[in-house]
Amino acid sequence: MFGIDSSELLVIVIIAVIVIGPKDLPRALYKVGQIVGKAQGMARHFRTGIDAMVREVELEELEKKWAAQNKRIMEEHPPETDAAALPPPDGTPDAPAFVARSAPEDPPAFVAQSAPVEPAPAPSPTTGGPPYLAGSSGKSDAAA
């Protein structure tokens, strides 16, 4: 990245060990790494902002170009205003094309019907409670 050879890197490491000392060298390298990381993040953020501005300018230029081409094409080929150009929908001259037709007059041949619903069985009066507790009440009294 900076064009540092291995011999130059070795000299830098030896000077760092002598000046900083072997005890504080890991902490110093950690701080240098944090500073380099922050600098890279700022450069990335700046580059992203510049790229976004360039994209916006290019988009505006393309929009102007497309508008000019659209205008030229519309001038060369004006839209037809003749009413006879399109036939009326479904043979009705007064119905607009976007209006849906009404439902057919005849009902369908088969219409599904729902199945009859049976009422839920009532709880038996002899147990006096839910069925899962009725059988266990006698056993728990015997065990106690």
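Where a number appears in this text, it was derived from the coordinates with a stated rule and is not lab data. Because the structure is a prediction, the values reported are computed rather than measured.
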## Note on the structure
Everything considered on the Cα gyration tensor (a ≥ b ≥ c; rounded for a/c under 1.5, else prolate if a/b is larger than b/c, else oblate), segment 6-80 must be described as prolate
### Task
Take the alpha carbon atoms of segment 33-47, find their center, do the same for segment 9-27, and report the distance between the two centers in whole angstrom.
24 Å
### Task
Quote to one decimal, in nm, the extra length available between V57 and K71 on full extension: 0.36 nm per residue of separation minus the C-alpha distance between them.
2.9 nm
